[in-house]
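A short write-up of the structure that comes next.
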Amino acid sequence: MSHMRYPESLFKVQRELLSKYHVTSASQYYSGEDFWQTPVDPTESQSQQDQDILQPPYYLTLQTGGTEEPVFSLTSTYIPAGQSTREILTGFLSVDSDAGNEKGKIGSNYGTIRLQELPKDSNVPGPGQAQNNFNANADVSKELNLLQSGDTQVVRGNLLTLPLGGGLVYVQPVYVKSSGVTSFPLLKKTLVAFGDQVGFADTLDEALDQVFGGNSGAAAGDAENVSGDQSGSDTNGGQSGTTDGKSDSGLSSDRSPELQQALNDAAQAMKDSQSAMKNGDWTAYGKAQQELEDALNKAIELDK
């Protein structure tokens, strides 16, 4: 049963119902003053946020108030319903997604929903406000501008909400990615927020220490993963850097015209595949996939 997990689609329905039915008073339910809503995903572009693209649930291994040890869970958050001038967190929802590891037997707590309701006078920022705090921090903005130079692009990861020390902390990974055809995002920094305090460091451990003004006592397990200069870019146009004079694709920086053309053909085939899949044209998709395979095989042969 260990390969199973709680269905995200079911959880989305349940969190929508609980946004209203957590209210147990008939008068309060009738007034609607205590209704909640799922926040818009603050990591999306402004145009996507204007379309009310909701923050998705996230699978996380964490310890909530109703558990004695970390549990694999599906999680989401709530903010007050309606248009509010300041987004605050009102609830943290999680469901036990651990189906158990015994064959043919479902875990005893699988599907258990836990709702952590914050006090009404709480001022814990919601996800959108936390993202705004990250964006408005002068030190964070300065470092992100330095990272985003040349052809290097800064990519924000998911904004995660985690219970910690009786409160809730926000964590967001920050990646860098070059514009190379075969480049991929590399973890560079970690953003952490607790209340209005913001930490920004190479590792989660360091960011937590910044937020709590010293040794946070947390052991995220990434203390040795200091990124240093492994940003996936170098000074030559932002291509992924290595120490052996090769570019992000692992090929020699002085590529032959034939090899470069093969890589360009592969990139175009990937775009054609995505376009065909989006349009439901499976004949064109199959053709593009074959062209992609041919281009990659040619590139491999030329690089020998």
For segment 65-121 the trypsin sites (Lys or Arg not before Pro) that pass both the DSSP coil test and the at-most-13 other-Cβ-within-10 Å test are R86, K103, K105, K120
Pop a pseudo-label 7 angstrom from the Cα along the beta-carbon direction at both L115 and S45 and give the gap in nm to one decimal.
3.6
By count of other Cβ within 10 Å, fewest leading, how are D121, D209, D139 ordered?
D121, D139, D209
Where a ≥ b ≥ c are the square roots of the eigenvalues of the C-alpha gyration tensor, would you call segment 31-88 rounded, which needs a/c under 1.5, or, failing that, prolate if a/b is larger than b/c, or oblate?
oblate
Using modelled amide H (1.01 Å from N, peptide plane; none on Pro or chain starts), what sits under 5 Å from the amide H of Q55, excluding residues fewer than 5 places away?
V40, D41
At what distance in angstrom do the alpha carbon centres of segment 1-60 and segment 164-210 lie from each other?
24
Cleavage-rule hits (GluC sites (Glu not before Pro)) in segment 44-105: DSSP loop, at most 11 neighbouring Cβ within 10 angstrom
E68, E102
Could you sort the peptides 170-179, 263-272 by per-residue average Cβ neighbour count (10 Å cutoff), highest mean leading?
170-179, 263-272
With 29 Å as the limit, write out which pairs from K12/K105; K189/K298; K142/K177; K20/K105; K177/K298 have Cα-Cα distances beyond it, or answer none.
K189/K298; K20/K105
Options G111, G128, Q51, ranked by Cα towards positive dipole end of segment 41-132, top entry (Cβ charges)
G111
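Only the coordinates and a few stated rules stand behind these numbers; no lab work does. The model shown is predicted, which means the values in this text are computed figures rather than measured ones. Neighbour counts run over all protein chains shown; Cβ positions are idealised from the backbone, glycine included.
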